[in-house]
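For reference, the structure is listed below as structure tokens.
Coordinate-derived values only; no laboratory data. The model shown is predicted, which means the values in this text are computed figures rather than measured ones. Here the Cβ positions follow ideal geometry from the backbone for every residue, glycine too, while neighbour counts run over all protein chains shown.
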Amino acid sequence: MTGPCGDTMEFWLLVRDGRVIKASFVTDGCDSSISCGSMAAALSEGRSIRDAMAISQQEILNRLSGLGPQHEHCALLASTVMRASCDDCLQHMEAAALDHDGPEGNPNQLIHGGISMRIAIPLADGKLAMHFGHCASFALVDVSPAGKEIEGRRDIDSPPHQPGLLPGWLAERGATMIIAGGMGQHAQGLFQQHGIEVLVGAPAETPEKLVEDYLAGRLQAGENVCDH
């Protein structure tokens, strides 16, 4: 969505039991847009979808004391986009409830911005790479709003290696979760700061196998081979 100054913003929401578990966003705007998007995402986490939808421009401004009047439209953009993302989530949840689970719906839905959940998996020879920081590519696997089937997969080349780069780079590409073999505690913290859920200790299987096992509750995490 584009604001009055030309800045754009987009949110991704990870939802379970009708509540926002994690929220992430991207924007091409200024520092104020980044601050407002970050605040809206933080405010939404832990709230029900309808409560997150009610996050207002004024609530964001109140939390960001010191934001000048010339940047108040950034808070309006963040609140407007958050409301639209929540509305998308509600529509998909209602559709999934009618299609699959009757009027009460599925209590374990995973919804990414009302579109899909996107799981990143580092690759080596078509299977999970045990050391994600030096892998040649990533598989981005999209999961349907009902959280029970794979919608699609896209493989992308990794950027040149640079410490601390991958969490933000994957967040910009819509990742809400990463499944890895090994990952240090510092890297895990960086992913979590970008709203990306981390699962480590996964076996060297194909992306489809890993995601299907995760959705079915069968994915057994083993030893973290890079715990530092």
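Some points to look at:
- Amide hydrogen neighbours beyond the local backbone of Met177, cut-off 5 Å, H modeled: Arg118, Ala120, Glu197
- From phi via Karplus (6.51, -1.76, 1.60), per-residue ³J(HN,Hα) for region 38-55 in Hz, x at Gly/Pro: 5, 5, 4, 4, 5, 5, 6, 5, x, 8, 5, 4, 5, 5, 5, 4, 8, 4
- Of the residues Val15, Val81, the one with the fewest other Cβ atoms within 10 Å heads the list, and the complete ranking is Val81, Val15.
- Electrostatic dipole magnitude of region 117-215 [Cβ: Lys, Arg +1; Asp, Glu -1; Cα centre; debye, to 20]: 160 debye
- Ordering Arg63, Arg218 by the number of other Cβ atoms within 10 Å of each residue's own Cβ, fewest first, gives Arg218, Arg63.
- Footprinting exposure proxy for Ser38, Ser48, Ser33 (fewest neighbouring C-beta atoms within 10 Å first): Ser48, Ser38, Ser33
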